[in-house]
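First the structure, in the form of structure tokens, and then the observations on it.
Nothing in this text is a laboratory measurement; each read-out follows from the coordinates by a stated rule. Only a predicted model underlies this, so the values are computations on that prediction, with no experimental measurement involved.
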Amino acid sequence: MPAGRPSIYSQELADKILSEYSLGRSIRDICSDAGMPDRVTLWRWRNENQEFASALARAREANAETIEDEISDIERKVLTEQVNPQAANVVLSSMRWRARVLHPRRYGDKAEVEHKGEVGLTVNVVRMTDADNKPAGE
């Protein structure tokens, strides 16, 4: 029997954490709620449970997409003069950074590769004889 406290992991608890994370809450905020594990426990679950790790990665990407929706809301409020543009700029900058960190494939900086220069090609032609399908001169 392993030493230490028994794990409080359950699919129901995992689903609640993943749902909250998908909706834009931070892991720190979720883990501060009553009845939730601390972050160290959550990272241990991630390291020990591949299914939970995969679901957490998907929730992380959904969190970034939630941020995208929030960015649109703030932009709309700036355009309708409900929010100060300078204050919105600070908040939007932070949100864009978080989205890039959470889902770099979708929101990260795109690297463009441009090739300048030449590509050489050398072609060697060998003439075959009909008689024995060997190169001429052999």
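Structure summary
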item: Cα gyration tensor, region 1-114 - rounded (a/c under 1.5), prolate or oblate; result: prolate
item: Under Karplus coefficients 6.51, -1.76 and 1.60, residue-wise ³J(HN,Hα) of region 65-76 in Hz, glycine/proline x; result: 5, 5, 4, 4, 5, 5, 4, 4, 4, 5, 4, 4
item: Estimated vicinal HN-Hα couplings, Hz - region 82-87 in sequence order (Karplus 6.51, -1.76, 1.60; Gly, Pro = x); result: 8, 10, 5, x, 5, 5
